[in-house]
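What follows is a single structure, written as structure tokens, with notes after it.
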Amino acid sequence: MTLPFISDLKLFLALLVSAVGIVAWLWLAAFAHAHCRRAVPIRIHVAGSRGKTSVARLIGAALRADGRRVLVKTTGTDPVLILPDGSERDWPRWGPPSISEQTHFFREARRRNVDAVVLESMAIEPEYLWASENYLVRATHTLITNARPDHAEVVGRHPLAAAHAMSLVVPQGGRLIVSDEAADGPIRARAARRNCAVTTVPTAAVDHDEANRALAMALCATLGIAADTAHAGFDEAGVDCGAFFVSCGALDGRRFRFASAFSCNDTRSLEQLWHETPCPGVPVILLNARHDRPERTRAFLACLAGLAPRAEIYLSGFVPRRWTRAAGLADARVHRLVTNNARRALATLVEAAPAEATIWGIGNYSRLGRDIVRLLKSEATPC
């Protein structure tokens, strides 16, 4: 007897019935999700290190311009659902982000009887990238914007680590649209193994906005959407709240120019934005760090040492002094931002900036970055 009031046989049967019930529930959930997924004939999965949200918006807008009912979900800065009529609403979450929310998305897509869905890949860990494609999305079309080094905490520091991770979303027997910078190596090799047709888009010689449009246009071409229709849709796509922008304003009588790159999470993309944006004078830089992204913080510090050696750098979040010294940044040019209030932080940066200089916000959009962006969008104007 395991317990004085229940026999071993009864306990075994109770556990067996429970296990069967759990397996049956999981099978029914998987069957229901597969039914919802099959109801959507065009499933577009957008992945990459940078530009996913913008490209997903562009594709969704082009499909709407072509007269198709499309549901779009972006998860870049804040999760957003874009409805078939082009209106937007916040995507509800009652906990941390999880790829399991894609099942809810496909239920919504089936309920709205859409012709196509566009989903931004939201996974970081390689195993979740694989599971998202193979169990949840099973894309007919996948677009990979790039594969730039980031999230070293989970994918590793190997030069091809990001490409290996991104290759896990290549669809079986589908179509892959990929930028030329990410086309070779692991991504192309996996596409060949999975019998996936590949379209390579040259993006190396153009700025980030044009690269996003070129990638979206290449995918639209595979769906038979005319170029003029796609371009008309692109113009109505809207922008993510965290997208890069440059604004001008005044604070306490002092004029300022602010380049918001808080959502640019890898150093290669930051370097691209830096060279695309003329910035006279010695810049002032706010590095907004996340405690759970230490490798990203170190990478940004090393990047700044070469990109802007004379810049005045202000730090928010967890950034030990030994990291700045290891990156080669002079102590005299590195300052701790002592406030988490957006207006006071902006005032500190504006006061430190010489006339005609540009203030850059980089690192991460979360917390202070989000608050500063909201302040700039309400009180400053695009330059």
message = Can you pull out every residue in region 184-210 that is among the small types (Gly, Ala, Ser), in contact with a helix residue (DSSP H, G or I) (Cβ under 9 Å, 6 or more places away or on another chain) and assigned to a helix (DSSP H, G or I)?
response = Ala189, Ala191
Cβ-Cβ under 7 Å pairs, at least 6 apart or on other chains, region 99-118 side among the β-branched types (Val, Ile, Thr), far side assigned to a loop (DSSP other than H, G, I, E, B) = Ile99/Met122; Ile99/Ala123; Val114/Val40; Val114/Arg69; Val114/Pro84; Val117/Val40
request  = Would you be able to say whether some residue in region 319-336 is touching a residue at least 40 places away in the same chain (Cβ under 8 Å), out of contact with any strand residue (DSSP E or B) (no Cβ under 6 Å at 6 or more places or on another chain) and not basic (Lys, Arg)?
outcome  = no
inquiry  = Within region 313-327, take every residue that is under 26 Å from the mean Cα position of the chain (by Cα) and assigned to a loop (DSSP other than H, G, I, E, B) and give me the one that is surrounded by the fewest Cβ atoms within 10 Å (Cβ to Cβ).
reply    = Phe318
request  = Given the conditions (1) farther than 30 Å from Leu349 by Cα; (2) surrounded by 14 or more Cβ atoms within 10 Å (Cβ to Cβ), report the number of the one that Ser247 does not fulfil.
outcome  = (1)
ask   = Across region 161-187, which residue is surrounded by the most Cβ atoms within 10 Å (Cβ to Cβ) among those that are more than 25 Å from Asp207 (Cβ to Cβ) and over 19 Å from the mean Cα position of the chain (by Cα)?
value = Pro171
task = Give the residue that is farthest from Val373 (Cα to Cα), with candidates limited to residues of region 77-87 that are more than 18 Å from the chain's Cα centre (by Cα) and in contact (Cβ under 8 Å) with a residue 24 or more places away in the chain.
result = Pro84
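Residues to consider are His231, His275; find the one that is under 30 Å from Arg68 (Cβ atoms), assigned to a helix (DSSP H, G or I) and not hydrophobic (A, V, I, L, M, F, W, C). Lay out the reasoning, then the answer.
Details: His275 fails: under 30 Å from Arg68 (Cβ atoms).
Of the residues listed, the single one that is under 30 Å from Arg68 (Cβ atoms), assigned to a helix (DSSP H, G or I) and not hydrophobic (A, V, I, L, M, F, W, C) is His231.
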request  = Could you please find all residues in region 63-101 being at pLDDT 95 or above, part of a helix (DSSP H, G or I) and among the charged types (D, E, K, R)?
outcome  = Arg64
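The values are calculated or read from the model by the stated rules, or taken from the named source; none is laboratory data. Predicted model, so just to flag it, every value in this text is computed and none were measured. Here Cβ is always computed from backbone atoms with ideal geometry, including for glycine, and neighbour counts include all displayed protein chains.
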